[in-house]
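The values are calculated or read from the model by the stated rules, or taken from the named source; none is laboratory data. None of these values were measured; they are calculated from a predicted model. Glycine also receives a Cβ, built like all others from the backbone with ideal geometry; neighbour counts cover every protein chain displayed. Remember, those area values only see protein heavy atoms, side chains included, never the ligands or the DNA or RNA. Shrake-Rupley method; radii C 1.70, N 1.55, O 1.52, S 1.80 Å.
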Amino acid sequence: MTAGSAEALPTPSLIVGLRLGGKKAAVFGSGQSAANRALFALDAGADVVMYAPSVPASLGKWAESGRLSLVSQEKYSASDMPAFSVAFVADSAPASQQAIAYDAQAAGVPVNVSGGAELSDFVLMPTYRGSSSLQIA
């Protein structure tokens, strides 16, 4: 970048870890991205409310344990947001992403929007959950 250039620098970030044990997380969406985000929150100890048409099969055991509950996304209201410590949006509709991100930010709830870094308060770092060893060359 040269002096006087109009290029913007990326927004600086701080890498942190969220302690979610015993807290509530909201996940919006029904695809693999939503299931992954729900699993991240569950693994971190959060109780998850998933706003989706159905629970992904990969999360069935969590629903049976009571740590994951399902609510139809049509029943979501902005007044629900203050009950959550964190929100994850994996809905593919841009208008829905924007509305939910706005609700979260207005309620002071940190939000992550899949594929929407400009709407997100934080990003998720890559993780590896494979059964084989990871090799880095």
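Note on the stretch 18-33: residues that are in contact (Cβ under 8 Å) with a residue 60 or more places away in the chain and outside any loop (DSSP other than H, G, I, E, B) total 6.
Within the stretch 70-82, the set of residues being of a type outside the set (V, I, T) and in contact with a strand residue (DSSP E or B) (Cβ under 6 Å, 6 or more places away or on another chain) comprises L70, Q73, Y76.
So that you can scan it fast, the table gives a plain yes or no per residue for (1) open to solvent by less than 90 Å² (accessible area, probe 1.4 Å); (2) touching a strand residue (DSSP E or B) at 6+ places or on another chain (Cβ under 7 Å); (3) among the polar types (S, T, N, Q); (4) at pLDDT below 90:
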| residue | (1), (2), (3), (4) |
| --- | --- |
| G22 | yes, no, no, no |
| S30 | yes, no, yes, yes |
| A34 | yes, yes, no, no |
| A46 | yes, yes, no, no |
| L68 | yes, yes, no, no |
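Checked against (1) at pLDDT below 90; (2) under 17 Å from A26 (Cβ atoms); (3) assigned to a helix (DSSP H, G or I), D91 passes all but a single condition, namely (3).
Within the stretch 48-66, restricting attention to residues that are touching a Ser or Thr at 6+ places or on another chain (Cβ under 8 Å) and in contact (Cβ under 8 Å) with a residue 12 or more places away in the chain, the residue that is most open to solvent (accessible area, probe 1.4 Å) is P53.
Anything in the stretch 1-20 that is open to solvent by 90 Å² or more (accessible area, probe 1.4 Å) and at pLDDT 90 or above? List them, or say none. Answer for the stretch 1-20, where residues must be open to solvent by 90 Å² or more (accessible area, probe 1.4 Å) and at pLDDT 90 or above: just R19.
When you check M81 against the structure, is it of a type outside the set (D, E, K, R), surrounded by 15 or more Cβ atoms within 10 Å (Cβ to Cβ) and either on the phi > 0 side of the Ramachandran plot or in contact with an Asp or Glu (Cβ under 6 Å, 6 or more places away or on another chain) (or both), yes or no?
yes
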